[in-house]
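FYI, it's all coordinate maths here, none of it is from the lab. As the structure is a prediction and not an experimental result, all values here were calculated from the model. Cβ: placed from backbone, ideal geometry, glycine included. Neighbour counts: every protein chain shown.
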Amino acid sequence: MKITEKFKNKKPVISFEIFPPKKDDALKNVDQTLEILSSLNPDYISVTFGAGGSANKNKTIELARRIKEVYHIEPMIHLTSLHYDEEEIHHFTKTLEEHGLYNILALRGDKSDLVPEKDRYHYASDLIEDLKKDDRFCVAGACYPESHPESEDRIKDLHNLKRKVDAGAEFLISQMFFDNLMYYDFVEATRIAGINVPIAAGIMPVINKRQIERMVSLCGATLPEKFRHMLTKFEHNKEALFDVGMAYATSQIVDLLVNDVDGIHLYTMNNPVVAERITNAIKNVIV
Ligand code: FAD
């Protein structure tokens with residue numbers, strides 16, 4: 001099923017994000033995670049994509065197939081394009097079709113000194129335009145409530161986001177954020193800019209102070225002072241930090257649900273306990 005149909009028929013659309021494990025033999029360990037994630041009945045599960053190299057592509061497809069065939073949940077494939085030419089992308093999408101995988105989160109991907117860029121897909125919108133030449137795939141795009149880190153300013157970033165939607169992105173998934181007001185401001189600005197597709201809110205439950213500080217420095221999300229204080233207070237108490245991280249993410253989600261968010265996209269970090277705790281905490285709030 002194309003995920004865009006879910007956004008037409010349901011609000012909020014609930015999704016989880018997982019990544020393929022680095023070691024080949026660890027793919028079976030993801031089963032433990034998928035057992036629990038699928039029992040929570042999300043609308044879809046997305047699988048990330050490591051830029052560069054065919055082994056990465058294959059792992060993403062293999063995991064997405066398991067989600068669909070074994071767990072009967074709709075998967076969405078992340079696909080980065082900066083390091084591939086048209087032939088490679090078309091070969092990849094042909095394989096997706098052969099496996100009945102029709103939902104793609106189309107991305108540019110991060111620039112890297114290690115992997116050479118190809119001269120075909122400079123931005124996600126180039127990939128989206130290519131994928132949407134016909135109607136085989138449902139295509140989503142990424143968006144950044146606090147602007148993309150490379151962006152010169154917010155207005156230019158919004159113009160570029162509009163290009164992505166005009167190219168055919170049917171819904172958007174946001175980068176993680178920790179201050180809901182930033183998300184609400186962003187959604188309002190997108191609507192003023194004429195971007196009218198659903199925008200799912202990306203929520204990252206924090207369970208490790210060092211890990212989140214590294215991620216935040218990479219993606220540019222702001223950690224509110226109140227939350228930073230909580231993390232500092234409990235940084236050496238693993239159990240307390242876990243509870244604090246769950247409580248903070250849950251309160252963000254409840255607030256988003258109260259404000260009629262289109263979707264919640266949970267960055268699970270392959271930790272099923274996180275998804276289970278949060279889903280159980282909000283099950284009566286999703287009405
Ligand atoms: P784009 O939309 O192309 O934007 C990149 C930059 O270029 C922005 O600053 C934008 O303003 C600018 N820009 C866009 N179009 C134009 C234009 N026409 N002219 C000038 N400037 C322009 N990375 C992975 O490697 N694997 C993953 O699985 C993955 N999953 C992700 C999932 C989500 C929900 C999100 C939010 C990000 C994910 N990323 C992933 C990270 C993503 O690849 C990076 O953030 C990357 O730097 C940008 O990708 P994009 O598709 O948003 O790029």
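Divide by every residue of the chain the summed helix terms, -39500 (n - 2.57) for each DSSP H run of at least 4, and state the resulting mean residue ellipticity at 222 nm, rounded to the nearest 500 deg cm²/dmol. Show your work: numbers first, answer last.
On the way: 11 runs with 133 residues, N = 287.
Counting only the DSSP helices, I get -14500 deg cm²/dmol.
Between His236 and Asn284, 0.36 nm times their residue separation minus their Cα-Cα distance comes to what?
14.0 nm
Less than 9 Å Cβ to Cβ from His99, Lys/Arg counted +1 and Asp/Glu -1: what total charge do the surrounding residues give?
Combined, the nearby Lys, Arg, Asp and Glu give -1.
Work out how much length Thr95 to Glu62 would gain on full extension: take 0.36 nm times their residue separation and subtract the Cα-Cα distance, in nm to one decimal.
Stretched out fully, the Thr95 to Glu62 stretch lengthens by 10.8 nm.
Greater than 19 Å separation of Cα atoms is the criterion. Which listed pairs, Lys68/Lys133; Lys10/Lys283; Lys2/Lys28; Lys23/Lys57; Lys6/Lys59, meet it?
Over 19 Å apart, Cα to Cα: Lys68/Lys133; Lys2/Lys28; Lys6/Lys59.
If a paramagnetic tag sat 7 Å from the Cα of Leu181 along the Cα-Cβ line, which residues of the range 204-244 would have the backbone N under 12 Å from that point?
Only 224-226 pass the distance filter.
Which value, in debye to the nearest 20, gives the size of the charge dipole of the range 191-236 about its Cα centre, when Lys and Arg are +1 and Asp and Glu are -1 at the Cβ? Don't skip to the end; give the middle numbers.
Values: 7 positive and 3 negative charges, 11 e Å.
The calculated dipole for the range 191-236 is roughly 60 debye.
Using the count of nearby Cβ atoms within 10 Å as a rough guide to exposure, how do Tyr248, Tyr144 rank from fewest to most?
Listed from fewest to most nearby Cβ atoms, that is Tyr248, Tyr144.
About its Cα centre, how strong a charge dipole does the range 58-172 have in debye, to the nearest 20, once Lys and Arg get +1 and Asp and Glu get -1 at the Cβ? Write out the running numbers ahead of the final one.
On the way: 17 positive and 25 negative charges, 64 e Å.
That gives the range 58-172 a dipole magnitude of about 300 debye.
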